[in-house]
Amino acid sequence: MQSLVASALAISGLGQKANAQILEDEQLNYRYSKYDEDALPEGDVLTGDPARYQIETHQFRLVKSLGDQYSLAINAVHETMSGSSPWYVLPGDDGPPVQILSGATIEDKRDEFRGKLTRLVENGSWSLELGVSNEDDYEAISFSLGRELDNADKSRTWAFGGSVSLDDLNPTDAELFDRVPSAEKDSYSIYGGMTQVINRDTLLQVGLQVSKHDGFLSDPYKQVFVDNFIQQDSRPDSRTQYAASARLRYFINGVKAALHVNYRYYLDDWSVEAHTLDLSWNQRLPSGWRLSPSIRYHSQESASFYAPFFTESSTSGFHSSDYRLATYGALSYRLSVNKTVNDWDFLISAELYDSDESLAVSGSRFQTPGLVDFSRFTAGFNYRF
Amino acid sequence: MQQYRKKFSSMGCPCEIRVYAERPSLARRAINAAIAEVERLDRKYSLYREDSVLARINGSAGMGFEIAVDEETAALLDYADQEYKLSDGLFDITAGALWRVWDFHAAGLPDTAAISRALEVTGWHRVQWQRPLLSLPVDGLALDLGGIAKEYAADRAATILQAYDIQHGLVDLGGDLSVAGPHPDARGWSIGIKDPEAPNTAIAVIDLVSGGLATSGDYERCLEVNGTRYGHILNPKTGWPVQGYASISVQASSCLAAGAISTVAMLKGKPGGGGFLKDCGLAYLSIGQNGLVMTKQSETVTNVTTNTDLPSPDGHLARGRTNRLGYHPV
């Protein structure tokens, strides 16, 4: 009799935790986001409008199941950027260097489309993604392939993938400002990761990514002060990057909250080394409300060829004063509020970001004008159908 | 979490699926997938569809060749084989020919010659089953999976719900029940078992926390001749209706197993059925033709209360081929 009862269970699979693979929820998402860089302190700017960049982004995402086995996700982004951007840095008259911002206000639009097809297979899934990005001076096409592998009881998932991006750059006003008229950049990247369900309340994800970029990697819109001359920003024509990350999700059911901890270590062959730590608390409240405050700390060591300005040519021949390659630390504070009503999920969030050379873990030798402080406001919804 | 329910019709009876989910879209996806699975099995094992797997199998009877069946059918045939052996040949999925002989709309009993002829083409021992090859060497021999397809479908539907992360749900296929999980507060699903004497009242209420519940009932389709009632559950060895029980409900870890045990107990009749139910060690409720109610409880079937004062339920009357009782979920 026992064997009869047992085989009945085995035939239908009742009670055995899901072996079936599930496609992502069908849904439509929209996000609007406004990014505003803080104006630089007046004393730090010699010429140019100190008010900086503003970016408005509209983003759509649609996920649709095609039968039982396939899911298509389409992403569209439309972005408008305006403002002035750091051009080069000069030694100041009495000490601290000053930033020259580009005079004319830049106005640019960017459009991006990505389509990703996912296919469920017995122990996981395959995915294929194609993307194109278009702006006045920049075009990129990308292609990526991914594989997810679940173990038998779905307590562990492996993820692997690779991607390629081919970019074409045609800087505006190239002749006028002696910029490279056209250039190419190719990027290749592979990643491997694992997500492990440690117990009912804890989830851990670790990953490793390696990327290689070849081609024109300098910023055609930036210049550098080198030994009393202004030169074009010039960086090596290849860059290899490594990033290792770990993410922890810890669910505290008693108070209906979840703690997220993310850490990322970054290293590249330009000598840039960075640590990023992100902590967020996701609190469920009655009536479908959710509140999530979070804080992120980023600390970075500069590229070997970075300096705010150079008093003599570097031995490598590479020079850049792009603040993004500098030694600095940054703290950002975010607060998100969500409200769920049936199949709708609404979201509003605000972020404040502060960066400074003194915030870096190692402390910086330089004073780095041009480091960015910004605020960002986001609103949007998810609709599941 | 809210409760979502959907009624539908399949396997020749009224069905319903109930789930708890965070959002309507999650409930909808899970329920639709579960219904699709029930309909798939209905199409596959229907006796009344020419393109069903079963029709193809039965069409080959007496032709002298073998059919290679798929994994799922093979598993069900193995299960039927196991049940046949365990019940000493009482549970037999080849009893179709015998069924046709007994016309429960007629005024009188069928003649014994007709019964004898039907018995010649009845019997699982006549079927050649060597997984995955099946052969029906005798013309007229026919398989009828009605005895297990519905319970199997209930379990499969509950499994699909679980695969869609539904942890609280109930599948009801005309009285054959399979649980995906109890109510969110861990309460079981309250199932009322109909009183054979007064089909609009519940004679007992069972709280089902997990597993499946199946009921074999013998009172809804019967023949009364000269004061003797002849039910429609036929003994495949004698060809005659069994005597003893009006209905037996069994709870097991799956609806398939529950159905197998309740059917075999019905077929054994009295007194063998009672002993068989006790030996199984599962929770059950049996109602004898004489009205005697016997029950045994377990952890997953709690609060079996026999109560003739329950309010009249608005549940439906199930008319499956082997007459499952309707129920009234509270």
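The values are calculated or read from the model by the stated rules, or taken from the named source; none is laboratory data. Not measured: the values here are computed from a predicted model. All Cβ positions, glycine included, derive from the backbone under ideal geometry; neighbour counts span all protein chains shown.
Given B:Asn290, B:Asn303, which one is assigned to a loop (DSSP other than H, G, I, E, B) and modelled with pLDDT under 85? Before the answer, list the steps.
Values: B:Asn303 fails: assigned to a loop (DSSP other than H, G, I, E, B).
Every option except B:Asn290 fails the conditions.
For B:Gly174, are the conditions met, namely being buried (at least 24 other Cβ atoms within 10 Å of the Cβ), touching a helix residue (DSSP H, G or I) at 6+ places or on another chain (Cβ under 8 Å), more than 13 Å from chain A (Cβ to nearest Cβ) and not basic (Lys, Arg)? Working first, answer last.
On the way: buried (at least 24 other Cβ atoms within 10 Å of the Cβ): yes; touching a helix residue (DSSP H, G or I) at 6+ places or on another chain (Cβ under 8 Å): yes; more than 13 Å from chain A (Cβ to nearest Cβ): yes; not basic (Lys, Arg): yes.
Answer is yes for this residue.
Going through the stretch B:252-265 one residue at a time, which ones are buried (at least 24 other Cβ atoms within 10 Å of the Cβ) and either within 11 Å of chain A (Cβ to nearest Cβ) or in contact with a Cys (Cβ under 6 Å, 6 or more places away or on another chain) (or both)?
Those that are buried (at least 24 other Cβ atoms within 10 Å of the Cβ) and either within 11 Å of chain A (Cβ to nearest Cβ) or in contact with a Cys (Cβ under 6 Å, 6 or more places away or on another chain) (or both): B:Ala252, B:Ser254, B:Cys255, B:Leu256, B:Ala257, B:Ala258, B:Gly259, B:Ala260, B:Ile261, B:Val264.
I need a count of the residues in the stretch A:135-182 that are of a type in the set (Asp, Glu) and under 24 Å from A:Gln205 (Cβ atoms). Spell out how you get there, then give the answer.
So the first thing to find is which residues in the stretch A:135-182 are of a type in the set (Asp, Glu), and the list is A:135-137, A:139, A:148, A:150, A:153, A:167-168, A:173, A:175, A:178.
Among the residues that remain, those that are also under 24 Å from A:Gln205 (Cβ atoms) are: A:148, A:150, A:153.
Total satisfying the criteria: 3.
Only strands (runs of 3 or more DSSP E) wholly contained in the stretch A:113-232 count here; list those with 2 or more residues that are more than 18 Å from the chain's Cα centre (by Cα) and free of Cβ contacts under 8 Å to residues at least 12 places away in the same chain.
Details: elements: A:124-135, A:138-150, A:156-169, A:183-199, A:202-215, A:223-226, A:229-232.
Those strands (runs of 3 or more DSSP E) span A:183-199.
Here's a check for you: in the stretch A:331-345, which residue that is touching a Phe, Trp or Tyr at 6+ places or on another chain (Cβ under 9 Å) and closer than 13 Å to A:Phe381 by Cβ is nearest to the other protein chains (Cβ to nearest Cβ)?
Ranking the candidates gives A:Asp343 first.
When you scan the stretch A:81-93, do you find a residue that is modelled with pLDDT of 80 or more, more than 13 Å from A:Gly370 (Cβ to Cβ), buried (at least 17 other Cβ atoms within 10 Å of the Cβ) and among the hydroxyl-bearing types (Ser, Thr, Tyr), even just one?
Here is the first cut: in the stretch A:81-93, the ones modelled with pLDDT of 80 or more are A:81-83.
Subsequent filtering for residues that are more than 13 Å from A:Gly370 (Cβ to Cβ) retains A:81-83.
Subsequent filtering for residues that are buried (at least 17 other Cβ atoms within 10 Å of the Cβ) retains A:81, A:83.
Restricting the remaining residues to those that are among the hydroxyl-bearing types (Ser, Thr, Tyr) gives none.
Scanning the stretch A:81-93, I find no residue that is modelled with pLDDT of 80 or more, more than 13 Å from A:Gly370 (Cβ to Cβ), buried (at least 17 other Cβ atoms within 10 Å of the Cβ) and among the hydroxyl-bearing types (Ser, Thr, Tyr), so the answer is no.
Run B:Asp92 past the list (1) touching a residue at least 12 places away in the same chain (Cβ under 8 Å); (2) not in a loop (DSSP other than H, G, I, E, B) and report the number of the one that doesn't hold.
If we test B:Asp92 against (1) touching a residue at least 12 places away in the same chain (Cβ under 8 Å); (2) not in a loop (DSSP other than H, G, I, E, B), just (2) comes out false.
When the stretch B:239-256 is examined, which residues are found to be of a type in the set (Gly, Ala, Ser) and either in a loop (DSSP other than H, G, I, E, B) or within 15 Å of B:Leu173 (Cα to Cα) (or both)?
First, the residues of the stretch B:239-256 that are of a type in the set (Gly, Ala, Ser): B:239, B:244, B:246-247, B:249, B:252-254.
B:Gly239, B:Gly244, B:Ser249, B:Ser253, B:Ser254, listed by residue number.
Out of all the residues in the stretch B:99-112, is one or more away from every other protein chain (no Cβ under 14 Å), out of contact with any strand residue (DSSP E or B) (no Cβ under 9 Å at 6 or more places or on another chain) and among the hydroxyl-bearing types (Ser, Thr, Tyr)?
Yes, the stretch B:99-112 has at least one match.
Give the number of residues within the stretch B:119-178 that are assigned to a loop (DSSP other than H, G, I, E, B), among the aliphatic types (A, V, I, L, M) and closer than 21 Å to B:Ser247 by Cα. Quick ask: steps written out before the conclusion?
At the first step, the residues of the stretch B:119-178 found to be assigned to a loop (DSSP other than H, G, I, E, B) are B:121-123, B:127, B:131-132, B:136-145, B:164-168, B:174-175.
Going one step further and asking which of them are among the aliphatic types (A, V, I, L, M), we end up with B:121, B:127, B:136, B:138, B:141-143, B:145, B:166.
Next, from what is left, pick out any that are closer than 21 Å to B:Ser247 by Cα: B:145.
Final tally of qualifying residues: 1.
When the residues of the stretch B:17-43 are narrowed to those that are without any contact (Cβ under 8 Å) to a residue 12 or more places away in the chain and charged (D, E, K, R), which ends up surrounded by the most Cβ atoms within 10 Å (Cβ to Cβ)?
Looking at residues that are without any contact (Cβ under 8 Å) to a residue 12 or more places away in the chain and charged (D, E, K, R), I get B:Arg23.
Check the stretch B:208-229 and report whether any residue there is modelled with pLDDT under 75, outside any loop (DSSP other than H, G, I, E, B), more than 21 Å from B:Asp279 (Cβ to Cβ) and in contact with a strand residue (DSSP E or B) (Cβ under 7 Å, 6 or more places away or on another chain).
We begin by selecting, within the stretch B:208-229, every residue modelled with pLDDT under 75; these are B:218-229.
Then keep just the ones that are outside any loop (DSSP other than H, G, I, E, B); that gives B:223-225, B:228-229.
Within this subset, residues satisfying the condition of being more than 21 Å from B:Asp279 (Cβ to Cβ) are B:223-225, B:228-229.
Now drop any that are not in contact with a strand residue (DSSP E or B) (Cβ under 7 Å, 6 or more places away or on another chain), which leaves B:223.
Yes: the stretch B:208-229 contains one or more residues that are modelled with pLDDT under 75, outside any loop (DSSP other than H, G, I, E, B), more than 21 Å from B:Asp279 (Cβ to Cβ) and in contact with a strand residue (DSSP E or B) (Cβ under 7 Å, 6 or more places away or on another chain).
Could you pull out the residue among A:Gly380, A:Gly363 that is more than 30 Å from A:Leu28 (Cβ to Cβ) and either surrounded by fewer than 21 Cβ atoms within 10 Å (Cβ to Cβ) or in contact with a helix residue (DSSP H, G or I) (Cβ under 9 Å, 6 or more places away or on another chain) (or both)?
Numbers: A:Gly380 fails: more than 30 Å from A:Leu28 (Cβ to Cβ).
One residue alone meets the criteria, A:Gly363.
B:Leu145 is checked against (1) among the hydrophobic types (A, V, I, L, M, F, W, C); (2) more than 23 Å from B:Gly89 (Cβ to Cβ); (3) within 14 Å of chain A (Cβ to nearest Cβ) and fails just one. What number does that condition carry?
It fails just one condition, (2).
Working only within the stretch A:177-187, note down all residues that are exposed (fewer than 15 other Cβ atoms within 10 Å of the Cβ) and on the phi < 0 side of the Ramachandran plot. Spell out the reasoning first.
So the first thing to find is which residues in the stretch A:177-187 are exposed (fewer than 15 other Cβ atoms within 10 Å of the Cβ), and the list is A:177-178, A:180-182, A:184, A:186.
Within the stretch A:177-187, A:Phe177, A:Val180, A:Pro181, A:Ser182, A:Glu184, A:Asp186 qualify.
If you take the residues in the stretch A:223-268 that are among the basic types (Lys, Arg) and crowded, with 17+ Cβ neighbours inside 10 Å, which one is farthest from A:Leu101 (Cα to Cα)?
From the stretch A:223-268, those among the basic types (Lys, Arg) are A:235, A:239, A:247, A:249, A:256, A:264; that's our starting set.
Filter again for crowded, with 17+ Cβ neighbours inside 10 Å, leaving A:235, A:239, A:247, A:249, A:264.
On the way: A:Arg235: 20, A:Arg239: 27, A:Arg247: 38, A:Arg249: 42, A:Arg264: 32 Å.
Applying the filter and picking the extreme gives A:Arg249.
Here are some conditions: (1) among the aromatic types (Phe, Trp, Tyr); (2) within 13 Å of chain A (Cβ to nearest Cβ); (3) under 22 Å from B:Ile191 (Cα atoms). B:Phe91 meets all but one. Which one does it not meet?
It is condition (3) that B:Phe91 fails.
What is the number of the single condition among (1) without any contact (Cβ under 8 Å) to a residue 60 or more places away in the chain; (2) of a type outside the set (Gly, Ala, Ser); (3) within 14 Å of chain A (Cβ to nearest Cβ) that B:Lys150 does not meet?
Only one criterion is unmet by B:Lys150, namely (1).
Can you confirm whether B:Asp309 is modelled with pLDDT under 70, within 30 Å of B:Tyr48 (Cβ to Cβ) and surrounded by fewer than 21 Cβ atoms within 10 Å (Cβ to Cβ)? Break it down stepwise before answering.
On the way: modelled with pLDDT under 70: yes; within 30 Å of B:Tyr48 (Cβ to Cβ): no; surrounded by fewer than 21 Cβ atoms within 10 Å (Cβ to Cβ): yes.
Taking the combined requirement at face value, the residue does not satisfy it.
Name, by its number, the condition in (1) farther than 21 Å from A:Asp68 by Cβ; (2) surrounded by fewer than 20 Cβ atoms within 10 Å (Cβ to Cβ); (3) under 20 Å from the mean Cα position of the chain (by Cα); (4) not aromatic (Phe, Trp, Tyr) that does not hold for B:Leu54.
If we test B:Leu54 against (1) farther than 21 Å from A:Asp68 by Cβ; (2) surrounded by fewer than 20 Cβ atoms within 10 Å (Cβ to Cβ); (3) under 20 Å from the mean Cα position of the chain (by Cα); (4) not aromatic (Phe, Trp, Tyr), just (2) comes out false.
Which condition from (1) modelled with pLDDT under 95; (2) in contact with a Lys or Arg (Cβ under 7 Å, 6 or more places away or on another chain); (3) crowded, with 18+ Cβ neighbours inside 10 Å is the one that A:Gly288 breaks?
Answer for A:Gly288: the failing condition is (3).
Being surrounded by fewer than 17 Cβ atoms within 10 Å (Cβ to Cβ) and more than 11 Å from every other protein chain (Cβ to nearest Cβ) is the filter; apply it to the stretch B:1-15 and report the residue that is farthest from B:Ala180 (Cα to Cα).
Our first condition is that a residue be surrounded by fewer than 17 Cβ atoms within 10 Å (Cβ to Cβ); within the stretch B:1-15, this holds for B:1-3, B:5-9.
If we keep only those that are more than 11 Å from every other protein chain (Cβ to nearest Cβ) as well, we get B:1, B:3, B:5-9.
Numbers: B:Met1: 15, B:Gln3: 13, B:Arg5: 14, B:Lys6: 15, B:Lys7: 17, B:Phe8: 18, B:Ser9: 20 Å.
My answer is B:Ser9.
Of the numbered conditions (1) part of a strand (DSSP E or B); (2) over 29 Å from A:Ser304 (Cα atoms), A:Thr240 satisfies every one except a single condition; which is it?
Just one mismatch for A:Thr240, condition (2).
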